[in-house]
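Here's the structure we're looking at; comments come further down.
A short reminder: the numbers here are calculations on the coordinates, not readings from a lab. Here the structure is a predicted model, which means the values were calculated and not measured. Cβ sites come from the backbone with ideal geometry, for glycine too, and all protein chains shown count toward neighbours.
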């Protein structure tokens, strides 16, 4: 699972295997070891939320997904889903969860488990 953080936005991209694991287990997580600690981020099905929602866990964040939305996404060709979460101080946090596509340009990263890029077909 990849993360992109830019300003007040969090974007998660999942490979085919990660989407399958999320469908089966309802939770997927990643860790990045840094000097002095571990940064963690999670994607979790959550029956208590009605829209995509992020929360701080003390050493990272968790994004909760409503069960119906999670099931629809994992069982279809739907690329992803998004939501703008209004934080207690009025700041907006943009959340995006999507399937990871194979890049159309050269890259050094392993893309063997990525979804086929729909733009690769004319």
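The gain in end-to-end length when the residue 24 to residue 8 segment is fully stretched comes to 2.8 nm, 0.36 nm per residue minus the alpha carbon separation.
Report the full-extension gain for the segment residue 31 to residue 82: residue separation times 0.36 nm, less the Cα-Cα distance, to one decimal in nm. Mind showing how you got there, number by number?
On the way: separation 51, 0.36 × 51 = 18.36 nm, distance 2.27 nm.
16.1 nm is the gain from fully extending residue 31 to residue 82.
Percent antiparallel among DSSP beta bridges with both residues in the stretch 2-109, to the nearest 5? Let's see the in-between values first.
Details: 23 of 35 bridges.
Of those bridges, close to 65 percent are antiparallel.
What FRET efficiency do you get for residue 38 and residue 68 if R0 is 30 Å and r is their Cβ-Cβ distance, rounded to the nearest 0.05?
Working: r = 32 Å, r/R0 = 1.07.
Plugging the Cβ-Cβ distance into 1/(1 + (r/R0)^6) gives 0.40.
Would you order 5, 67 from fewest to most other beta-carbon atoms within 10 Å of each residue's own beta-carbon?
Working: 5 10, 67 13.
Neighbour counts put them in this order, fewest first: 5, 67.
Can you give the convex hull volume per residue for the Cα atoms of the stretch 2-109, as a whole number of Å³?
Values: hull volume 14.2 nm³, N = 108.
Residue-normalised Cα hull volume stands at 131 Å³.
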